[in-house]
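The values are calculated or read from the model by the stated rules, or taken from the named source; none is laboratory data. Given the structure is predicted, the values throughout are model-derived calculations rather than measurements. Backbone-built Cβ (ideal geometry, glycine too); neighbour counts: all protein chains shown. Ligands, DNA and RNA are stripped out before the accessible areas are found, and what is left, the full protein with its side chains, is counted by its heavy atoms. Shrake-Rupley method; radii C 1.70, N 1.55, O 1.52, S 1.80 Å.
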Amino acid sequence: MSFRSLPIWGSRSGDKLARYQEEIEANPLMAKSLIDQPDTFERSIPVFTYEGADIIECACEELGWPNVTHDGRMMYENSFTPDRAQALRWAIKSARSGIEAWATNVAERTAALIEARTHLARRQGDLRTLLSREAA
């Protein structure tokens, strides 16, 4: 796919994005060269988050919302912290909440399955009774 063929999203009704869209369309090679330049950062502050059981270390120039990490992750206040132990506590809390939610889900689905099997057995019994009456 060539750079020029990439889709550009957003409206053209005077929003800030329209300016960038126009500049990219006017000089797509310059835009591509800017995008291809390596990222450089004034500071690299360690910051931690989690995914499942993994505690992930990232880096950022500025802590907190609405900043992003060097690898492009949006740093929400409740999911990124400079304290590794806090990220671990959040991960534990999230795992416990997930267990509680899925245990409830399994219990509800198990009850629904029991009810469905009961209705199925009743209908199968009805059919056997009706077929035996028909045969008689």
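Annotations for the structure displayed:
- Residue in the stretch 86-95 that is polar (S, T, N, Q), open to solvent by less than 60 Å² (accessible area, probe 1.4 Å) and in a helix (DSSP H, G or I) present: yes
- Test: residue in the stretch 114-131 that is touching an Asp or Glu at 6+ places or on another chain (Cβ under 6 Å) and open to solvent by 60 Å² or more (accessible area, probe 1.4 Å): no
- Counting only residues that are of a type in the set (A, V, I, L, M, F, W, C), in contact (Cβ under 8 Å) with a residue 12 or more places away in the chain and surrounded by 11 or more Cβ atoms within 10 Å (Cβ to Cβ), the stretch 21-40 holds 2 of them.
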